[in-house]
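Structure record follows, encoded as structure tokens.
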């Protein structure tokens, strides 16, 4: 589930779809930065609208073209024909997710999956004692939330954006319809789910092994503390030797142990 930086595909920015010259785009970016310094976050398209550099129809068309390309790089829709993809892109929704925001919550119910369009997202589970276990990092083109399709929307893990990200939300019902007219989507979806299950199984085994190692360390610590307690009580030398040999054999997992005492006087 991990994506190395060189494997993350970078989609085109919205400015590349707008019929604006480079000077106008740079003007919009400069204005966007000025607003950001004041704590107001605005997308480039919205800034250019405010500057009257583009019309709302221009922006709508650019967003549609960008969404088409974003779906095209996804593992789910990569081999879909352009006509089918254009039709399907009308039924999906864009969503911006600020860095640090969790947009899928563990043990809740949902009705959609997401495709990472821009940025990165972290998949994690929260344990019994509120500890977090990272299950993977996703980048552009990756799906998340697909497991809920088979469990009435129940979320098995949480997902949060690692950086300011853009995701495409696809309702499960729309996905079902897509399976009917484009069997390749169903094939790709099952492939994604299968790979995800394999990766999660391997990750789970890794977490279990780490847990066992920690448990063993705690057991050794308890044995050491037990020995320290005996020393503090100043038990007899014979009892101390017997106890030391017993605990040492447990820690070393030995069938038997012998303690040799050196008489420095002899």
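Just so it is clear, none of the values below were taken in a lab; they were calculated from the coordinates. The model shown is predicted, which means the values in this text are computed figures rather than measured ones. Note that we place each Cβ from the backbone using ideal geometry, even for glycine, and neighbour counts take in every protein chain shown.
Provide the FRET efficiency to the nearest 0.05 for the residue 132-residue 41 pair, computing r from the beta carbons and using R0 = 22 Å. The calculated FRET efficiency here is 0.25. Evaluated at q = 0.15 Å⁻¹, the base-10 log of the normalised Debye intensity for the stretch 1-159, with identical point scatterers placed on the Cα atoms, takes the values -0.96. For residue 187 and residue 33, the difference between the fully extended length at 0.36 nm per residue and the C-alpha to C-alpha distance is 51.1 nm.
Residue separation times 0.36 nm, minus the C-alpha to C-alpha distance between residue 242 and residue 16: what's the value? Contour length minus the Cα-Cα distance gives 73.5 nm.
A simple packing score, the average count of other Cβ atoms within 10 Å per residue, orders the peptides 162-171, 81-90 as 162-171, 81-90, with the highest score first. Site pair residue 52 and residue 249 shows an inter-label distance of 9.3 nm when each label is modelled 7 Å from Cα along Cα→Cβ. The alpha carbons of the stretch 69-181 occupy a box of 49, 29, 19 Å along the principal axes, longest dimension given first. When the alpha carbon gyration tensor of the stretch 144-196 is reduced to an equivalent ellipsoid, its three semi-axes come out at 21, 13, 12 angstrom, largest first.
Taking each residue as 0.36 nm, the span from residue 176 to residue 84 lengthens on full extension beyond its C-alpha to C-alpha distance by 31.7 nm. By the count of other C-beta atoms within 10 Å, a proxy for reagent exposure, 202, 29 are ordered fewest to most as 202, 29.
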